[in-house]
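The values are calculated or read from the model by the stated rules, or taken from the named source; none is laboratory data. This is a predicted model, so every value here is computed, not measured. Counting neighbours? That spans all protein chains shown, and the Cβs are built from the backbone with ideal geometry, glycine included. Note: areas computed on protein heavy atoms with side chains; ligands, DNA, RNA excluded. Shrake-Rupley method; radii C 1.70, N 1.55, O 1.52, S 1.80 Å.
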Amino acid sequence: MENETKKVMISGIQPSGELHLGNYLGPLRHWPEMIDEFDCYFFLADLHTITVRQDPAELRKRTLTLIAQYIACGLDPEKCVLFIQSHVPAHSQLGWVLNCYTMFGELSRMTQFKDKSARNADNINAGLFTYPVLMAADILLYQPDFVPVGEDQKQHVEICRDIAGRFNGIYGDVLKAPQPYIAKVGARIMSLSTPNSKMSKSQPEGCVFLMEKPEDIARKFKRAVTDSDTERCVRWDLEHKPGVSNLMQIYASATGKSYEEIEREFDGKGYGAFKPAVGEAVVEVLRPIREETGRLLADKAYLEGVYRAGAEKAEYIANKTLRKVYKKVGFLPPAK
Ligand code: TRP
């Protein structure tokens, strides 16, 4: 009963990098709430990932590890549909059809294409160019109400709406155009080594990975850049003390303490006591996730069961949309 009234939401995640503390304390932590509120589809967008060259063994490993990590972070596969994009052929199939309803000009205007082709000048492949079309297919197959997006993906949801609108303009109401959903982002965690840029896997010294060993995490926090002001006290001041404020934010997210409580706790103690304390708090937050991920990765049969069931559920919904689209464009149905 409840399911019937829930709005549908879909999100794809590229298995292209390792998850880090910024991902976790940012959006990931809010996913379990999202699952309670919406009918959620989450998939590992492996088809998208090969638009940039990948090491095959690495991609396989990362896809599996990410599934385990998401479950460990609270994405309960009983409560949402968790699957791998390449296991549901309808994504590629609808992607092809939509290619024929997407204009060269509109794809050329996508900022992410321009950025990525500048960064991968030796591999500006057609997949990179038509990436937004595949993403539109990912979305439209499930007729969702919302797609949670960050700033960088908003343009992709807009083109998805345009493509759906164009298709519907020709064939009637076939594809449901979703709304972008600005998801709760949680804390915006900055790099430990350069606190004025976001924590990112491309700067590993300033980045704490979810699977990192406690001693390595502790070391990174001890080395975290604080600020060169002379007072050397733990005080919230984003503008003048970005390093300390970032650590305070991490500590606050990890422990649930307020900034005032943290200031009081470290009053007169300086950075020497503060930095290791933040490290320890983070180690404790990540410990259960790391242990659970390890346990899940050791249970291949369970993980296979999860992504097999996920693909089956996804495929059932996706194929309904695909069949409708095939019919509308005039494909002769296969003989029974
Ligand atoms: N393009 C998204 C990203 O890089 C991943 C993605 C692929 C996606 N298909 C999607 C996100 C469908 C939402 C819905 O982050």
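Being open to solvent by less than 30 Å² (accessible area, probe 1.4 Å), hydroxyl-bearing (Ser, Thr, Tyr) and farther than 30 Å from ILE250 by Cβ is the requirement here; does THR63 meet it?
On the way: open to solvent by less than 30 Å² (accessible area, probe 1.4 Å): yes; hydroxyl-bearing (Ser, Thr, Tyr): yes; farther than 30 Å from ILE250 by Cβ: no.
The answer is no for THR63.
Please count how many residues of segment 195-219 are under 23 Å from ALA68 (Cβ atoms) and assigned to a strand (DSSP E or B).
Residues that pass the stated criteria total 1.
Just one of ASP152, ASP162 is loosely packed, with under 14 Cβ neighbours inside 10 Å, of a type in the set (D, E, K, R), in contact (Cβ under 8 Å) with a residue 24 or more places away in the chain and part of a helix (DSSP H, G or I); which is it? Break it down stepwise before answering.
On the way: ASP162 fails: loosely packed, with under 14 Cβ neighbours inside 10 Å.
Testing whether each residue is loosely packed, with under 14 Cβ neighbours inside 10 Å, of a type in the set (D, E, K, R), in contact (Cβ under 8 Å) with a residue 24 or more places away in the chain and part of a helix (DSSP H, G or I) leaves just ASP152.
Output the residues belonging to segment 1-18 that are within 13 Å of the ligand (Cβ to nearest atom) and either more than 22 Å from ALA177 (Cβ to Cβ) or open to solvent by 20 Å² or more (accessible area, probe 1.4 Å) (or both). Please lay out each step first, then the result.
Step one: list which residues in segment 1-18 are within 13 Å of the ligand (Cβ to nearest atom), which gives 8-17.
Answer for segment 1-18, where residues must be within 13 Å of the ligand (Cβ to nearest atom) and either more than 22 Å from ALA177 (Cβ to Cβ) or open to solvent by 20 Å² or more (accessible area, probe 1.4 Å) (or both): VAL8, GLY12, ILE13, GLN14, PRO15, SER16, GLY17.
Could you list, in sequence order, the residues of segment 69-99 that are in a loop (DSSP other than H, G, I, E, B) and touching a helix residue (DSSP H, G or I) at 6+ places or on another chain (Cβ under 7 Å)? If you could, list the steps in order and put the result at the bottom.
Let us first name the residues in segment 69-99 that are in a loop (DSSP other than H, G, I, E, B), namely 73-80, 88-89.
CYS73, GLY74, LEU75, ASP76, PRO77, LYS79, CYS80, VAL88, listed by residue number.
For segment 114-132, what are the residues that are assigned to a helix (DSSP H, G or I), of a type outside the set (S, T, N, Q) and farther than 14 Å from THR49 by Cα?
First, the residues of segment 114-132 that are assigned to a helix (DSSP H, G or I): 114-119, 126-132.
With of a type outside the set (S, T, N, Q) added as a condition, the list becomes 114-116, 118-119, 126-129, 131-132.
Those that are assigned to a helix (DSSP H, G or I), of a type outside the set (S, T, N, Q) and farther than 14 Å from THR49 by Cα: LYS114, ASP115, ALA118, ARG119.
Residue check, GLY186 against (1) of a type in the set (Gly, Ala, Ser); (2) open to solvent by 20 Å² or more (accessible area, probe 1.4 Å); (3) not in a loop (DSSP other than H, G, I, E, B), all met but one. Which one?
Among (1) of a type in the set (Gly, Ala, Ser); (2) open to solvent by 20 Å² or more (accessible area, probe 1.4 Å); (3) not in a loop (DSSP other than H, G, I, E, B), GLY186 violates only (3).
Across segment 147-179, which residue is modelled with the lowest pLDDT among those that are more than 10 Å from the ligand (Cβ to nearest atom) and of a type in the set (A, V, I, L, M, F, W, C)? Even if it seems obvious, please write down each step before you answer.
Kept after step one, since they are more than 10 Å from the ligand (Cβ to nearest atom), are these residues of segment 147-179: 151, 154-155, 158-159, 161-177, 179.
The next check asks that each one be of a type in the set (A, V, I, L, M, F, W, C); those that pass are 159, 163-164, 167, 170, 174-175, 177.
Details: ILE159: 97, ILE163: 98, ALA164: 98, PHE167: 98, ILE170: 98, VAL174: 97, LEU175: 98, ALA177: 92.
My answer is ALA177.
What about SER228, is it within 17 Å of ASN23 (Cα to Cα) and either touching a strand residue (DSSP E or B) at 6+ places or on another chain (Cβ under 6 Å) or exposed (fewer than 13 other Cβ atoms within 10 Å of the Cβ) (or both)? Give the steps one after another, and end with the answer.
Values: within 17 Å of ASN23 (Cα to Cα): no; either touching a strand residue (DSSP E or B) at 6+ places or on another chain (Cβ under 6 Å) or exposed (fewer than 13 other Cβ atoms within 10 Å of the Cβ) (or both): yes.
The answer is no for SER228.
Quick check on segment 49-67. Is at least one of its residues within 12 Å of the ligand (Cβ to nearest atom) and of a type outside the set (S, T, N, Q)? Break it down stepwise before answering.
To start, the set of residues in segment 49-67 that are within 12 Å of the ligand (Cβ to nearest atom) comprises 49, 51-52.
Add one more test, that the residue is of a type outside the set (S, T, N, Q), and what stays is 52.
The answer is yes, given that some residue of segment 49-67 is within 12 Å of the ligand (Cβ to nearest atom) and of a type outside the set (S, T, N, Q).
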